[in-house]
Structure formats: C-alpha cells, structure tokens
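Undergrad: Submitted below is the structure of interest, expressed as structure tokens.
The values are calculated or read from the model by the stated rules, or taken from the named source; none is laboratory data. Since the structure is predicted, the reported quantities are computational estimates derived from the model, not experimental observations. All Cβ positions, glycine included, derive from the backbone under ideal geometry; neighbour counts span all protein chains shown. These area figures cover heavy atoms from the full protein model, side chains too; ligands, DNA and RNA do not enter into them. Shrake-Rupley method; radii C 1.70, N 1.55, O 1.52, S 1.80 Å.
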Amino acid sequence: MTGILAGLRIVEGSAFIAAPLGGMTLAQLGADVIRFDDIKGGLDNDRWPITQDGRSIYWAGLNKGKRSIAVDLRNPKGRELLTALITSPGEGAGIFTTNMPARGWLAYEELAKKRADLIALNIVGARDGSAHVDYTVNAITGFPMVTGPVGHEGPVNAVAPPWDLATAYAGAMAILAAERHRRMTGQGQRIVLPLQDMALAATSALGYLGEAVVNDVDRPRYGNEIFGTFGRDFRTSDGRFVMICIFSDRHVDALAAAGGFAAAFKKIEAEAGVDLKTDAGRWTVRAQLCAVIEPWVAAHTAADVGTALKKAGALWAPYQTFRELAANKDAVHDNPLFTVLDQPGIGRYPVAASPLQFGAVPRQPPRIAPTLGQHTDEILSAILGLPDHEIARLHDEKVVGGPR
C-alpha cells in the first residue's frame, strides 16, 4: 500500500453508508482497509442504484480500494478467524470499525482481551442504542420542515444523506485521533459515534437551535432562497436554470457588471435605505433584486448568461442532471480527481479518488472495489499465517468464501 496512511490496517464490519464511507476515506489515503461480510453478502450487497443485471453500483462506490474477506458469521470458526484478524499484531493494526451491534464476540471488552491496545469505533443510531438511519435522524432535526417550496405543507426529505456523510468523515477523523493517542500513550479505546448526535451537533453549530431558542421562532420555508443573504435559482430563455448568489462585496459588483445592474442596484439601496454590501441589506431587498435580475436571465440563453457571469467573476453555477455532470469536461473528464476504471461486473465509468491534496505525498489514484471474498485467501495466509491446506479445508467446510 502507498499513500499518506500506508502501514495502517483497519478491519471493517459495516453496511449502508456511514461506516463504509469512513473506511473508504481511509483506504483512499493508503490505509489497508479489510471489509468482512457474511459468506452470502452483507445487508447492502445489492442496494440501489444497480445495473440492469442487478449489480450494486452503490456498493462498488463505497468500497473502492478495500480488501474483502467473506466468512460465515454464524459459524464459531468464522468468528474466531475474524477475532484473530481484528486483534492481529502490528504497530498499525488492531483497529476495528463497525456499525453492527458491537456485542457478544464483537464487543470491545471481548476483543480487547486479545489485544489490550485495540481501537474500536462503533457507529450507532442514537446514544441510547436505539436504531436510526439518516432519514429518521433527519426527521427530528427540523430540516425537513424548512426544506421545500414556500407554502408547502408537511416535511420534505433530503435526497443526499447529510448525516451519514458527516458521520463517515467524523468517524475517519476519530480513528486517526485515537491512533495518534495510542502511539503517544500505548492506550487503545472504544469510540462511540451516534449518528443522531452527529446530526444534532451540526444543527447546533449552524445556529438553528440557537435561533429557535433565542428568537423563539420556527424558521419558515423560503424555497430555493439562501437564508440571510441573496441567492436563488433563475430560469433562462432556453428553459435551463442557474443559481446566482451574493456572499461578499465583490459578488455584488461582479453581478452588477455582468447584467448591467449598477444603476438599478443603487436605486434599490436608495429607495430601501439598505446597503447591498451587507447580508442584512441583501436579504431585506431580495424581492427587488430578483425583479431586476430575473428579466435579464429570462431574456438570455443559459450559455449567454453563463458567459457573462463567468467573465465578470460572479458567484453562480448552472443546474445539471447526473448525466450532464458525468459528461462535464471541466468537472469530471479533465479533473485529476477522476480516473475511468473498469469495475468488474459493472463497467467503465469515472471514479473519484480522495479530494485531499497533500504537498508531501502524491494523491493516490482510485482503485476498484473488490468482489465479495476476493481477498479471503491472501488475508488468511499473509495476516493470519494459515497454510494452504488449512485454507482449503475452511473453504470445503464453508467457513469462508470467495475465489480459491
């Protein structure tokens, strides 16, 4: 393995998003991440999106660059093998991540008997142990009640799973923090990361709880407007949409230059007694600003609007579909973040590496996701030291799976 985390080994028992994505984040930085699954596949083995013949594009996306071992999780021999793998010796080993129920043979206390300095990250639903996923956690945060068009009644769920994403990256950070602590003190530890608490922490940090308590208000829906400044979607003459935002003095001037709005902006400031160089000023007169900008956008094609905004240095972006993104030359095809890989059973498509760019270590290109149990034999041999005949016997007894 190469990369800034070369020499680190993490054993992962996971499913769905937060735990696999956290592990993949570390794998893309060079860590040896070994994911174990049941011999028949994990809970997310066939999760959508899938190909026309049922292969999970989702699973491949979240497990790039990992090694896979398939074991009968109900078989005591299989559990013994995984216990030995999780607690195997080595300075960079002895790290375990899971969002499975960490009890019984997977309990930290049991595993730590085999390796006292074990680091174990347990991602749970809520701090009381109750089951939750991103969608149930999001329901309690308040966000679904302010998402959606003005006047809409009832919740609007998020399409992207924000709390899974945040938990994944927080989990990766927690592993590195605990590994540093172990190197300095020799101590291992159990880390508990509740998905619900991750969401609540972010909701608090962004001021939503403070606003509700201090101002005693429930924020209403504002549709696609950016709360507290200026930003909204606009439709072009050819039926496309662009997002135009203002977050600084420079953005005001650039937008004015792009559409020839300088005089109109000054008139708005004078009539309303506001300063467009402030967030409060822009928010107060957002309707007046839209009344100036909207006709200009509606009278031009998306290409013309984009050219003018880009030339002026305005803050904007075109709305596009996933297929349009995949075909985008600047965002994908000419971006060194992406490499076109041939994922077995799925096909060729652009795959992203880690977005982090370290000055001292070159960015590692993305690697394909493994097939179920692809590395079973090499893990049993190279890490656990089992001879070939013993590995063959485990296959014959259906304790382990994968290509032989």
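Undergrad: Just name the residue that is surrounded by the most Cβ atoms within 10 Å (Cβ to Cβ) out of those in segment 189-199 that are touching a Ser or Thr at 6+ places or on another chain (Cβ under 7 Å) and in a helix (DSSP H, G or I). Reasoning before the result, please.
TA: Of segment 189-199, the ones touching a Ser or Thr at 6+ places or on another chain (Cβ under 7 Å) are 193, 195, 198-199.
With the extra rule that they be in a helix (DSSP H, G or I), the set shrinks to 195, 198-199.
Details: LEU195: 28, MET198: 24, ALA199: 22.
Among those that are touching a Ser or Thr at 6+ places or on another chain (Cβ under 7 Å) and in a helix (DSSP H, G or I), it is LEU195.
Undergrad: Run down VAL351, VAL361, VAL340, VAL332 and say which single residue is open to solvent by less than 50 Å² (accessible area, probe 1.4 Å), in a strand (DSSP E or B) and either touching a helix residue (DSSP H, G or I) at 6+ places or on another chain (Cβ under 8 Å) or not charged (D, E, K, R) (or both). Walk me through it before giving the result.
TA: Details: VAL361 fails: in a strand (DSSP E or B); VAL340 fails: open to solvent by less than 50 Å² (accessible area, probe 1.4 Å); VAL332 fails: in a strand (DSSP E or B).
VAL351 is the lone residue from the list that is open to solvent by less than 50 Å² (accessible area, probe 1.4 Å), in a strand (DSSP E or B) and either touching a helix residue (DSSP H, G or I) at 6+ places or on another chain (Cβ under 8 Å) or not charged (D, E, K, R) (or both).
Undergrad: Moving to a separate point now. Output the residues belonging to segment 374-404 that are assigned to a loop (DSSP other than H, G, I, E, B) and touching a Ser or Thr at 6+ places or on another chain (Cβ under 6 Å). Can you show your working first?
TA: Initial filter on segment 374-404 (assigned to a loop (DSSP other than H, G, I, E, B)): 374-375, 383-387, 397-399, 402-404.
GLN374, HIS375, ILE383, GLY402 - these are the residues of segment 374-404 that are assigned to a loop (DSSP other than H, G, I, E, B) and touching a Ser or Thr at 6+ places or on another chain (Cβ under 6 Å).
Undergrad: Which is open to solvent by less than 80 Å² (accessible area, probe 1.4 Å) and closer than 14 Å to VAL305 by Cβ, of ALA257, ALA287, ALA280?
TA: On the way: ALA287 fails: closer than 14 Å to VAL305 by Cβ; ALA280 fails: closer than 14 Å to VAL305 by Cβ.
So the residue among ALA257, ALA287, ALA280 that is open to solvent by less than 80 Å² (accessible area, probe 1.4 Å) and closer than 14 Å to VAL305 by Cβ is ALA257.
Undergrad: Which pairs have Cβ atoms under 7 Å, sit 6 or more apart or on different chains, and link a residue in segment 213-233 that is within 16 Å of GLU294 (Cα to Cα) and of a type in the set (Lys, Arg) to one that is open to solvent by less than 30 Å² (accessible area, probe 1.4 Å) and outside any loop (DSSP other than H, G, I, E, B)?
TA: Note: pairs meeting the criteria are ARG232/ILE244; ARG232/CYS290.
Undergrad: For segment 177-188, give me the residue count where each residue is open to solvent by less than 70 Å² (accessible area, probe 1.4 Å), touching a residue at least 12 places away in the same chain (Cβ under 8 Å) and either touching a helix residue (DSSP H, G or I) at 6+ places or on another chain (Cβ under 8 Å) or part of a helix (DSSP H, G or I) (or both).
TA: The total comes to 4.
Undergrad: Please work out which residue is most open to solvent (accessible area, probe 1.4 Å), limiting yourself to segment 144-172 and to residues that are touching a residue at least 24 places away in the same chain (Cβ under 8 Å) and of a type in the set (Val, Ile, Thr).
TA: Residue satisfying both the conditions and the ranking: VAL150.
Undergrad: Does ALA264 satisfy being free of Cβ contacts under 8 Å to residues at least 60 places away in the same chain and crowded, with 19+ Cβ neighbours inside 10 Å? Spell out how you get there, then give the answer.
TA: On the way: free of Cβ contacts under 8 Å to residues at least 60 places away in the same chain: yes; crowded, with 19+ Cβ neighbours inside 10 Å: no.
Answer is no for this residue.
Undergrad: Could I ask something else about it? Output the residue which, of all residues in segment 16-42 that are assigned to a loop (DSSP other than H, G, I, E, B) and under 14 Å from the mean Cα position of the chain (by Cα), is surrounded by the fewest Cβ atoms within 10 Å (Cβ to Cβ). Quick ask: steps written out before the conclusion?
TA: Residues of segment 16-42 assigned to a loop (DSSP other than H, G, I, E, B): 16-17, 28-31, 39-42.
Imposing the further condition that a residue be under 14 Å from the mean Cα position of the chain (by Cα) reduces the set to 16-17, 28.
On the way: PHE16: 19, ILE17: 22, GLN28: 25.
It comes out as PHE16.
Undergrad: For segment 259-314, which residues satisfy the criterion of being closer than 17 Å to PHE227 by Cα, part of a helix (DSSP H, G or I) and among the β-branched types (Val, Ile, Thr)?
TA: THR284
Undergrad: On the given criteria, is GLY78 out of contact with any helix residue (DSSP H, G or I) (no Cβ under 8 Å at 6 or more places or on another chain), surrounded by 17 or more Cβ atoms within 10 Å (Cβ to Cβ) and under 29 Å from PRO344 (Cβ atoms)? Can you show your working first?
TA: Details: out of contact with any helix residue (DSSP H, G or I) (no Cβ under 8 Å at 6 or more places or on another chain): yes; surrounded by 17 or more Cβ atoms within 10 Å (Cβ to Cβ): yes; under 29 Å from PRO344 (Cβ atoms): yes.
So GLY78 fits the description; yes.
Undergrad: Give the residue that is most open to solvent (accessible area, probe 1.4 Å), with candidates limited to residues of segment 306-329 that are of a type in the set (D, E, K, R) and closer than 16 Å to VAL252 by Cα. If you could, list the steps in order and put the result at the bottom.
TA: If we filter segment 306-329 for residues that are of a type in the set (D, E, K, R), which is where we start, we get 310-311, 323-324, 329.
Filter again for closer than 16 Å to VAL252 by Cα, leaving 310-311.
Working: LYS310: 155, LYS311: 182 Å².
That would be LYS311.
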